[in-house]
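Coordinate-derived values only; no laboratory data. Just so it is clear, the model here is predicted, and its values are computed rather than measured. Cβ placement follows ideal geometry from the backbone for every residue including glycine, while neighbour counts extend to all protein chains displayed.
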Amino acid sequence: MDSYKEPLKALARPYRKAVLKALLVLTMLGGALFAMLNLLTGSYPLAIVELAMGAYAILVYRAVRNTQHLERWIIAYAIPFFTAMMFAMTIPRASATVHAWVLLIPIVSHLLMGRRLGLAISVFYMSVAGIIFLLRYHDEPAMMQALPIANIAVISLCILVFSHVYEVTREQSQRQLLKIAQTDTLTGLANRARLSDIFKREQQRTRRYNTPMTLLALDLDHFKEVNDRYGHDTGDLALQHVARIFRECLRATDLAARL
């Protein structure tokens with residue numbers, strides 16, 4: 001069991017919410033702007049889709065302000081947003097430059113959905129975009145030259161890789177900082193803050209499934225005498241020895257903490 005999974009999610013929510021709200025505002029403004037431009041050029045289906053995405057962005061923005069289910073709303077927005085992007089690429093009257101929006105997919109996906117889901121969503125929609133591009137321009141020699149296609153493919157791959165590496169590194173850094181903040185520096189056991197966090201979660205789990213939970217409090221006999229007779233450095237070694245025994249004997253699902 002990854003005991004840092006839920007705290008890491010909690011740490012990520014504020015910045016993901018900020019990114020989502022910024023993207024929603026841009027979608028509202030961009031939807032209105034591009035809908036107007038496409039109406040002027042006679043591309044009515046695309047204009048309707050962009051107006052619909054703008055209106056949908058307003059609804060999502062109102063919903064995420066006080067939501068307890070941010071991850072669900074992220075998916076509810078990202079899938080239609082990327083799908084509308086794919087639809088825009090299939091419109092015959094759409095400019096070839098619309099394919100540049102594909103480069104936004106890995107950045108947005110990783111910022112909003114993390115390394116695993118973000119990577120999966122990115123690979124799927126970028127692959128779909130590649131297929132659409134080939135189907136649309138396969139009979140146009142100017143668009144199907146090897147060098148431009150290679151440039152587009154390499155740039156897309158670089159942005160995908162960089163986005164993924166950044167998100168992996170960010171998660172690892174947050175995990176390490178969280179571990180430091182919730183670990184007793186002397187013994188390496190969990191500290192009071194982590195015990196409190198895990199206890200609350202396990203308490204909710206036992207109530208939900210009506211299962212027992214054990215909390216065992218231990219006190220080292222005559223520990224004060226060790227400090228008084230041999231000094232605090234020896235007392236520290238004794239605590240580290242006991243902590244080592246705990247780590248060797250307990251199960252992976254158990255938690256030993258120092259109070």
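A simple charge model with +1 on the Cβ of Lys and Arg, -1 on the Cβ of Asp and Glu and nothing else charged puts the dipole of the chain at about 680 debye relative to its Cα centre. When only alpha carbons are used to place a centre, segment 26-56 and segment 130-175 end up 25 Å from one another. Candidates Tyr77, Ala12, Val64 compared by Cα position along the dipole of the chain: farthest toward the positive end lies Val64, with charges placed on Cβ.
Take the Cβ atoms of Asn227 and Val168, set R0 to 35 Å, and the FRET efficiency comes out at 0.20.
Using a Debye calculation, one point per C-alpha and no hydration shell, please list log10 I(q)/I(0) for the chain at q = 0.10, 0.11, 0.15 Å⁻¹ in order. Normalising to I(0) and taking log10 leaves -0.69, -0.77, -1.11.
Could you tell me which of the pairs Lys9/Lys200; Lys5/Lys179; Lys21/Lys200 are separated by over 21 angstrom between their Cα atoms in the structure shown? Listed pairs above 21 Å: Lys21/Lys200. Computed extension gain for Arg244 through Ala193, at 0.36 nm per residue and net of the alpha carbon distance, reaches 16.3 nm.
For segment 192-249, the calculated P(r) over all alpha carbon pairs, in 5 Å bins from 0 to the bin holding the longest distance, is 4, 14, 16, 17, 15, 12, 9, 7, 4, 1 percent. Counted residue by residue at 0.36 nm each, then reduced by the alpha carbon distance between them, the extension gain from Ala18 to Leu134 reaches 38.2 nm.
When the helices of the chain are scored as -39500 (n - 2.57) per DSSP H run of n ≥ 4 and the total is divided over every residue, the value at 222 nm lands at -26500 deg cm²/dmol. Placing unit charges on each Cβ (+1 for Lys and Arg, -1 for Asp and Glu) gives segment 192-249 a dipole about its Cα centre, and among Leu237, Ile198, Tyr209 the Cα reaching farthest toward its positive end belongs to Tyr209. Counting other Cβ atoms within 10 Å as a rough exposure proxy, the listed residues Val19, Val60, Val154 run Val154, Val19, Val60 from fewest neighbours to most. Using 0.36 nm per residue and subtracting the Cα-Cα separation, the extra length available between Ala32 and Lys5 on full extension is 5.8 nm.
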